[in-house]
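Since every read-out is calculated from the coordinates, none of them should be taken as a lab result. Please read all numbers here as calculations on a predicted model, not as lab measurements. Note: ideal-geometry Cβ built from the backbone for every residue, glycine included; neighbour counts use all protein chains shown.
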Amino acid sequence: MIASWILPVCESLHFIGMAMLIGFAGILDLRLLGVAKRLPVAPLQRLMPWALLGFALNLGTGVVFIVANPGQYVGPPLSLSFVAKMFFILLACLNAFLYYVSGLKRAADGVEAGEEAPSGAKVSAAVSLFLWVAVMYWGRVLQFFGKSF
Amino acid sequence: MMAWLQSIEGSAWAVWLKESPSLWGYTTLLFLHTIGLSFTVGPSVAIDMRILGVGRRIPLAPFDAFFKVIWIAFAVSAASGTVLFFSDATAKLANPAYLVKMTLVCIAAAITIAIRRRVFRPAAVEVDASSRYLAAASILCWFGAITAGRYIAYF
C-alpha cells in the first residue's frame, strides 16, 4: 500500500516536472517561432537535458499514480482520457525524436542571434507546443472524471 | 463580507461550475489555470537558472522577451484562478494551503518584477550576487506555490 503522504508529494513533483518541461522545451519552441530572436539557437538546444529531466520526473511520478490507483487509469473501464493523454505524449516524443534524427536540430544549431529558424524547425516547434498543451488538457480531463461528480 | 462571498458561491453560475458534468465548466478553468501556470513558472525558472549560471554561454539579455510570455500566462492563471476562487471562496479562505499558495504567488510575482528591474533594465545586462539570490528565491517560491496549490485538495 502507498503511504498517504506520497500522493500529494508526487502530485507536486508532477506539476514541477511539467513546468520544467514547458519551461525549457517551450522557450526553445518559442525562439524557433521567432520570440526572443536575439537568442542563438545552438546553446539553447544544449539546455534540453533539463526538459528531459522534467519529463523523467513526470514519468516516474505518473507511474506512482497508476500503481496507487489503477482503476482510475486502466480500469476497468479503461479511461479514454488516460489513453488520449498517453497518445499525445507519444506523439510529442515522436515529434521531438524526429526533430533530432531528421537533421532539423542540426540545421537549427546554425541559427545565430537575430536569424530566422528554417521553416521545418518552425513547424516542429509549433507541433511541439500544441502537443504538450494537449497533454495537459487530457491530464486535466482525466482528473475530472476521476472525481465523484 | 462572508455573507457576500457565500451569496456568490450559492449563485446559479457557481453551482453550475461546481456541479455541471460539462467539460466547459470546471475542467476548462482548471486547464486554463494549468496552461497559465506552466508558461509562467516554466520560462521564469529557465531565466532564473540562466541567472544562476546554467547555460552560461547563452547571452542573457534576449531572455527579456520571455517576460511578455510570462505575464500573459500569469494573467490567464490569475483570471481563471479568480473565477475558481469565487466559486468556493469561504472554503478557500479557510484553507491554510490556499493562503500559503497565494502568499508565495505574490512573493514570486514581486521577485519576477525585481529580477527584471535589476538584471534586464540596465543597459548592460549583468548578474551580481543579489540577483543570483533573487533567482534562487524565485525558483523556491514558484515551486513552493505549486506544492501548496496541490495541497489545497488535501485540507
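So the values come out like this:
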{"quantity": "Cα centroid separation, the stretch A:36-83 to the stretch B:17-35 (Å)", "calculated": "22"}
{"quantity": "Taking B:F85, A:F15, A:F24 and counting other C-beta atoms within 10 Å, the order from fewest to most", "calculated": "B:F85, A:F15, A:F24"}
{"quantity": "Acute angle (nearest 10 degrees) that the helix B:129-151 long axis makes with the longest principal axis of chain B, alpha-carbon atoms", "calculated": "20"}
{"quantity": "Nonlocal amide H pairs with B:G55, under 5 Å, H built at 1.01 Å", "calculated": "none"}
{"quantity": "Residue-by-residue Karplus 3J(HN,Hα) for the stretch B:60-76, coefficients 6.51, -1.76, 1.60, Hz, glycine and proline x", "calculated": "7, 3, x, 4, 3, 4, 6, 5, 4, 4, 4, 6, 5, 5, 4, 5, 4"}
{"quantity": "Reduced Cα scattering model of chain A, Debye log10 I(q)/I(0), q = 0.09, 0.10, 0.19 Å⁻¹", "calculated": "-0.33, -0.41, -1.09"}
{"quantity": "Set of aspartates and glutamates near B:K68 by C-alpha distance (under 19 Å), chain-local residues within fewer than 8 positions excluded", "calculated": "A:D29, B:D48"}
{"quantity": "Cleavage-rule hits, trypsin sites (Lys or Arg not before Pro), the stretch B:54-148, DSSP coil, Cβ neighbours within 10 Å at most 11", "calculated": "B:R56, B:R57"}
{"quantity": "Rg ratio (alpha-carbon, reference 2.2 N^0.38 Å) - the protein assembly as shown", "calculated": "1.04"}
{"quantity": "Normalised per residue, the volume of the convex hull around the Cα set of the stretch B:34-154 (Å³)", "calculated": "95"}
{"quantity": "Relative contact order (%) - criterion: Cα under 8 Å, at least six apart; region: the stretch A:7-149", "calculated": "33"}
{"quantity": "Listed pairs A:K37/B:K92; A:K85/A:K122; A:K85/B:K18; B:K18/B:K101; A:K105/B:K101 exceeding 31 Å between Cα atoms", "calculated": "A:K37/B:K92; A:K105/B:K101"}
{"quantity": "Spin-label pair A:S102/B:R57, simplified geometry with 7 Å Cα→Cβ offset, distance in nm", "calculated": "2.6"}
